[in-house]
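> My structure is below; once you've seen it, I'll send some questions.
Nothing in this text is a laboratory measurement; each read-out follows from the coordinates by a stated rule. Just so we're clear, the structure is a prediction, and the values are computed from it rather than from any experiment. Don't worry about glycine lacking a Cβ; one is built from the backbone with ideal geometry, like all the others, and counts go over all protein chains shown.
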Amino acid sequence: MKHHIILRIVTKLLIPLILLFGLYVQFHGDFSAGGGFQAGVIFAAGFILYNIVFGLDNGRSILSSNTAKSLMAIGVILYIVVGFLGILLGGNFLEYNDLSSTPIRGQLLGVFLVELGVGLTVSNVMVLVFYSFNDISMEKQ
């Protein structure tokens, strides 16, 4: 793809916008449609676009499989920790009211942290699926 200069330039312009839109969906998901899952897919799409245009070696130098696995695990752990904090603070699993001084702040904090964990997990799972498909196709060649 080195000889497709227009594609490379357009991709360099689009990827920051894709990631910015992913951040918008992540942080605006508390108040409207959207959230962690959608933002995770958007982030992964931007990263997969980078891998397709600039090469898998460049993409893996930015985000290796081991790093993606670690980030995926951090997302799951964040979700579980927030859930069990509700139990430790006297409520139910994923009950956010006691996470802060007021129930409304607790709800906002809890939803934000859970959606952040979901976004981390989904984006890195999508990247790992992309890597796996690429590894399978390379084995067959």
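> What's the angle, to the nearest 10 degrees (0 to 90), between helix 5-28's Cα axis and the longest principal axis of the chain?
The angle comes out at about 10 degrees.
> Please arrange 50, 24 by counting, for each residue, the other beta carbons lying within 10 Å of its beta carbon, fewest first.
24, 50
> Determine the relative contact order of the chain: mean sequence separation of Cα pairs under 8 Å and six or more apart, normalised by residue count, in whole percent.
Once divided by the residue count of the chain, the mean separation gives 28 percent.
> Sticking with this structure for a sec: I need 60, 105 ordered by Cβ neighbour count within 10 Å, fewest first.
Starting with the residue having the fewest Cβ neighbours, the order is 105, 60.
> I would also like to ask the following. Rounded, prolate or oblate: which fits segment 25-98 when a ≥ b ≥ c are the square roots of the eigenvalues of the alpha-carbon gyration tensor, with rounded for a/c under 1.5 and prolate only if a/b beats b/c?
In terms of gyration-tensor shape, oblate.
> In degrees between 0 and 90, to the nearest 10, how far off the longest principal axis of the chain does helix 65-88 point, with axes built from Cα atoms?
In the chain, helix 65-88 runs at an angle near 10 degrees to the longest axis.
> If you don't mind, another one. Which one of 137, 4, 102 has its Cα pushed farthest toward the positive end of the charge dipole of the chain, where Lys and Arg give +1 and Asp and Glu give -1 at the Cβ?
Checked the options; the winner is 4.
> Can you give the angle from 0 to 90° between the axis of helix 103-140 and the longest principal axis of the chain, with both taken from C-alpha atoms, to the nearest 10?
Tilt relative to the chain: about 30 degrees.
> If you look at just the Cα atoms of the chain, how large are its Rg and its Dmax in Å?
18.1, 61
> Using the count of nearby Cβ atoms within 10 Å as a rough guide to exposure, how do 118, 125 rank from fewest to most?
Neighbour counts put them in this order, fewest first: 125, 118.
> Quick one: putting +1 on the C-beta of Lys and Arg, -1 on the C-beta of Asp and Glu, what dipole do you get for segment 5-140 around its Cα centre, in Debye to the nearest 20?
Details: 6 positive and 7 negative charges, 79 e Å.
Dipole magnitude for segment 5-140 comes out near 380 debye.
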